[in-house]
Amino acid sequence: MKKNMQIWLVIVFVLFLFPVVIQFIPEESKISNSKIIKENALIVYASNVVAEEEPVPEVEIEVQTELETEEEPKLGKVLLYNTHSTEAYKPITKAIDGKIAVNHQTENVVKMSEKLKSLLEINSVETDTLNKAVPYSRAYREIRPFVKQQISENEYDLIIDIHRDDIGPEKSTIIHKEERYAKIAFVLGLDNPSYKENEAITKRLNAIMEKKVPGITRGVIPKGGAGVDGKYNQDLHPKLVLLELGGVGNSEDQLNRTLTVLSEAILEMFDEEELEQK
């Protein structure tokens with residue numbers, strides 16, 4: 001009985017002193033313990049969230065960028081046409097269909113104009129071609145309105161009417177550095193009142209070609225008076241040049257080499273004119 005009484009007295013004493021003792025516990029200790037509990041709770045909570053979230057699929061984002069390219073400045077503008085559009089070359093017609101001909105509906109000087117156009121455009125020279133089939137006997141008169149209209153709608157730095165001469169290969173071919181070239185002859189119409197202007201650009205182009213391949217031209221051939229056209233529509237524009245590209249016996253390889261030289265000469269002439277204007 002006495003022992004039980006002692007136990008009860010101890011319990012009562014502890015209960016009485018606990019509120020007093022707890023007041024002397026430092027606040028930092030309480031906060032620290034609280035933080036630990038909260039932090040532990042937060043960690044547990046975060047862990048639970050991650051565990052519950054579904055994995056986010058990777059999304060590929062395609063980014064398209066447009067590269068802005070500046071167009072190369074044009075060195076000049078050229079018009080090519082063929083008054084006698086069916087003039088052809090024997091080696092070419094023979095290779096195409098086995099028949100030797102000096103006139104052909106498809107394998108003719110028009111193809112030469114297209115090749116020259118490609119060479120010029122590769123080198124930033126804007127080039128138009130005028131393709132009109134007109135009667136051979138009155139070709140200059142028949143093609144004139146078409147050329148006139150084309151000139152009225154555009155500004156050209158050079159206009160070339162490309163023909164093929166009737167002479168044979170012995171007169172229309174030159175060998176330079178072991179390569180054969182078709183010769184070019186420039187024709188100047190003296191019955192054109194302003195032929196001097198056409199003569200100036202014709203001689204300039206002839207000189208540049210000769211500098212590149214000596215003997216590649218047959219020079220500038222003046223024509224006027226009875227029995228010839230005498231103008232060759234050169235009165236329509238001061239920079240209209242008429243040339244005979246090779247003769248009936250020149251091969252395609254020979255013509256192509258000459259066209260390359262001609263295109264280079266045109267480029268050089270435009271470069272010179274640009275420098276003169278500065």
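The values are calculated or read from the model by the stated rules, or taken from the named source; none is laboratory data. As the structure is a prediction and not an experimental result, all values here were calculated from the model. Every residue, glycine as well, gets a Cβ built from its backbone with ideal geometry; the counts of neighbours run over all protein chains shown. Note: accessible area is taken over every heavy atom of the protein model, side chains too, but ligands, DNA and RNA are not part of it. Shrake-Rupley method; radii C 1.70, N 1.55, O 1.52, S 1.80 Å.
With respect to Ile174, is the statement that it is within 20 Å of Glu87 (Cβ to Cβ) and open to solvent by less than 50 Å² (accessible area, probe 1.4 Å) true?
Details: within 20 Å of Glu87 (Cβ to Cβ): no; open to solvent by less than 50 Å² (accessible area, probe 1.4 Å): yes.
Spelling it out, it is not the case that Ile174 is within 20 Å of Glu87 (Cβ to Cβ) and open to solvent by less than 50 Å² (accessible area, probe 1.4 Å).
If we scan region 204-218, do we find a residue that is of a type in the set (Gly, Ala, Ser), open to solvent by 60 Å² or more (accessible area, probe 1.4 Å), more than 15 Å from Asp165 (Cβ to Cβ) and assigned to a loop (DSSP other than H, G, I, E, B)?
no
Kindly provide the set of residues from region 70-91 that are within 29 Å of Ser124 (Cβ to Cβ) and either touching a helix residue (DSSP H, G or I) at 6+ places or on another chain (Cβ under 7 Å) or modelled with pLDDT of 95 or more (or both), ordered by number.
Matches in region 70-91: Leu75, Gly76, Lys77, Val78, Leu79, Leu80, Tyr81, Asn82, Thr83, Ser85.
Take Glu264 and tell me if it is more than 18 Å from Asp161 (Cβ to Cβ) and of a type in the set (D, E, K, R). First the steps, then the outcome.
Working: more than 18 Å from Asp161 (Cβ to Cβ): yes; of a type in the set (D, E, K, R): yes.
Judged against the criteria, Glu264 is a match.
Looking at region 108-153, which of its residues are touching a residue at least 12 places away in the same chain (Cβ under 8 Å), open to solvent by 40 Å² or more (accessible area, probe 1.4 Å) and part of a loop (DSSP other than H, G, I, E, B)?
Scanning region 108-153 gives Asn123, Asn131, Lys132, Ala133, Tyr136.
Test Ser172 against the criterion of being more than 22 Å from Met209 (Cα to Cα) and polar (S, T, N, Q), and give yes or no.
Here the answer is no, as Ser172 does not meet what is asked.
Can you name the residue in region 75-95 that is more than 18 Å from Leu242 (Cα to Cα) and of a type in the set (Gly, Ala, Ser) and is also least open to solvent (accessible area, probe 1.4 Å) among such residues?
Among them, the one singled out is Gly76.
Which ones in region 229-278 are modelled with pLDDT of 95 or more, of a type in the set (A, V, I, L, M) and assigned to a helix (DSSP H, G or I)?
Once the filter is applied, which keeps residues that are modelled with pLDDT of 95 or more, of a type in the set (A, V, I, L, M) and assigned to a helix (DSSP H, G or I), region 229-278 yields Leu236, Leu255, Leu259, Val261, Leu262, Ala265, Ile266, Leu267, Met269.
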